[in-house]
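A quick write-up on the structure given underneath.
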Amino acid sequence: MAGFHVPGAPPAMIVMKFGGTSVADAPRIRTVVRLARERLDRRPVVVVSALAGVTNLLIDLAHRALKGATGVQEIRDRHRAVLEDLGLPPDLVAEEVDDLRSLLKGITLVGELTPRSLDCIMSFGERLSSKVVAAAFRAEGLEARACNAYDIGLVTDDRFGSANPLESCYEGLGRNLAKVEGIPVVTGFIGRDRRGNITTLGRGGSDYSASIVGRAVGAEEIQIWTDVDGVMSADPKLCPKARSLEVLSFAEASELAYYGAKVVHPSTMIPAIVAQIPVRVLNTYRPEHPGTVILAKAPPARGGVKSIACRSRLSLITVTSTRMLMQTGFMARIFEVLGRHEVVIDMVATSEVTVSLTTDTRRDLEPALAELREIAEVEVEKNHAIVCLVGEGIRATGGTLASVFETLREARIRPRMVSFAASNVNVSILVPERSVARAVKTLHARFFE
């Protein structure tokens, strides 16, 4: 299903999403205005995140409210300062700040912070930034309107903190955006459920919002503006010689996002894939750089590997029981326990009497582990990491896997587990966390330098 098109409307549209660092202060917001002005012929829809650091501050304020503190001075002063630097009235966001204060007082009175309340509090970051950015457009002579996504049709399920759009929302959302005079400046990250409660799409969800909006309006391209030159061949913090990639497939980009590449939110791919809309990752500070375009299909890399990502702070859980021998359903029971406790699994390896799997150490695993110990022996080893090599057809590229294992052997890194994805897009290797930086560097040197 492609995006929704309003009959008679010009087909060419782009979605330009700007993250928190791109709208962090007045000079950067002026850059956003300039970038959109230069693309007026492509009918931009702008999607914005909260100002850098504001979402974390809002979460902090919500927890402070439980202890009786309901001040909003930090939020107010931050936005007033940006407005003043833009030459705009500092009381432009006074109504939103007052609404936030009232909500925090309510939390103090009730003495409870529910996921629904927290979503509502977090939404103020984008609600404030969209008003500031839209006003900055108007100050530069461009017609623009701040649009709260939940007011123009972005309807989600009621999974507070990680909501997903309803399939039925796209047509109405596209129609409403087509009616906006000038440039719509849409709140990223937020929507509403069928009851009208504000929801959030998960941390980093403004990318997701941009993709949802792109599908709704039938955009020709979804642009994710960041502070790096597109998607890189590895984390530049680990590999100074990492380089920007020209093109990725949706499958490759989704794998990279899941395994730790911080440029694109994993869910961003879903609406774009459905509508077959290219996603381009660009650098706000180097707009002349072509960045990385993400397409439904992309040519394979010469050496089989497009990029290397990693995820740290993982636990290796080993479940052992002789009851697994010749007994159907035992493994299903293990995964039923893990699923009920919402433990997300990254890698799995099995033998006759053992199942080994990895998961994020940061979540509370004890309830699930206690239940597993009722049916089997359970061993937990922390401080592991996954190194993921991504590329379409990676297993079919001659010599790639041999090069991987030879490189790790030469670096004296002993893999604990290896997983070959059924999709033939990635190879994942579990290593000790202390070795992850060395593994990424040596593998990058082998395939890219």
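The values are calculated or read from the model by the stated rules, or taken from the named source; none is laboratory data. Given the structure is predicted, the values throughout are model-derived calculations rather than measurements. Don't worry about glycine lacking a Cβ; one is built from the backbone with ideal geometry, like all the others, and counts go over all protein chains shown.
Only one of the numbered conditions (1) within 21 Å of A251 (Cα to Cα); (2) modelled with pLDDT under 95; (3) in contact with a helix residue (DSSP H, G or I) (Cβ under 7 Å, 6 or more places away or on another chain) is not met by S428, and that is (3).
Is it true that some residue in region 29-44 is out of contact with any Asp or Glu (no Cβ under 6 Å at 6 or more places or on another chain) and on the phi > 0 side of the Ramachandran plot? Yes; the residues of region 29-44 include at least one that is out of contact with any Asp or Glu (no Cβ under 6 Å at 6 or more places or on another chain) and on the phi > 0 side of the Ramachandran plot. Taking first residues from region 192-204 that are in the same structural domain as G125 (by TED's automatic domain parsing) and partners that are among the hydrophobic types (A, V, I, L, M, F, W, C) and part of a loop (DSSP other than H, G, I, E, B), the Cβ contacts under 6 Å between residues at least 6 apart in sequence or on separate chains come to T199/F160; T199/A163; T200/F189; L201/A163; L201/F189. Screening I413 with (1) at pLDDT 95 or above; (2) β-branched (V, I, T); (3) within 14 Å of M347 (Cα to Cα) gives one miss only, at (3). Restricting R76, R101 to residues that are among the basic types (K, R), part of a helix (DSSP H, G or I) and surrounded by 19 or more Cβ atoms within 10 Å (Cβ to Cβ) narrows the list to R76.
Can you confirm whether V264 is assigned to a loop (DSSP other than H, G, I, E, B), touching a residue at least 12 places away in the same chain (Cβ under 8 Å) and under 30 Å from P115 (Cα atoms)? Answer is yes for this residue. Taking region 205-248 as the range and being without any contact (Cβ under 8 Å) to a residue 12 or more places away in the chain and farther than 23 Å from A24 by Cα as the test, only P240 passes.
Criterion applied to L128, L166 was being touching a residue at least 40 places away in the same chain (Cβ under 8 Å) and either in the same structural domain as Y208 (by TED's automatic domain parsing) or buried (at least 16 other Cβ atoms within 10 Å of the Cβ) (or both), and the one residue passing it is L128. Only one entry of L57, L35, L86, L92 meets the criterion of being within 22 Å of G191 (Cβ to Cβ), in the same structural domain as V217 (by TED's automatic domain parsing) and either touching a Phe, Trp or Tyr at 6+ places or on another chain (Cβ under 8 Å) or in contact (Cβ under 8 Å) with a residue 12 or more places away in the chain (or both), and that entry is L57. When region 374-390 is filtered for residues that are surrounded by fewer than 20 Cβ atoms within 10 Å (Cβ to Cβ) and either within 15 Å of R340 (Cβ to Cβ) or in contact with a Cys (Cβ under 7 Å, 6 or more places away or on another chain) (or both), the ones remaining, listed by number, are E374, I375.
I need every pair where a residue in region 286-303 that is farther than 23 Å from S211 by Cα has its Cβ under 7 Å from the Cβ of a residue that is modelled with pLDDT under 95 and not in a loop (DSSP other than H, G, I, E, B), sequence separation at least 6 or different chains. What qualifies is G303/T400; G303/F447. Out of contact with any His (no Cβ under 8 Å at 6 or more places or on another chain) and either touching a residue at least 40 places away in the same chain (Cβ under 8 Å) or under 25 Å from G204 (Cα atoms) (or both): does that describe G106? For G106, the condition - out of contact with any His (no Cβ under 8 Å at 6 or more places or on another chain) and either touching a residue at least 40 places away in the same chain (Cβ under 8 Å) or under 25 Å from G204 (Cα atoms) (or both) - is not met.
Taking the criterion of being loosely packed, with under 15 Cβ neighbours inside 10 Å and either hydroxyl-bearing (S, T, Y) or touching a His at 6+ places or on another chain (Cβ under 9 Å) (or both), would at least one residue in region 405-428 satisfy it? Yes, region 405-428 has at least one match. Of I308, I294, I386, I334, all but one fail to be of a type outside the set (G, A, S), in a strand (DSSP E or B), touching a strand residue (DSSP E or B) at 6+ places or on another chain (Cβ under 8 Å) and farther than 17 Å from F420 by Cα; the exception is I294.
Against the definition (under 25 Å from M232 (Cβ atoms) and assigned by TED's automatic domain parsing to the domain that holds S428), how does M347 come out, yes or no? The answer is yes for M347.
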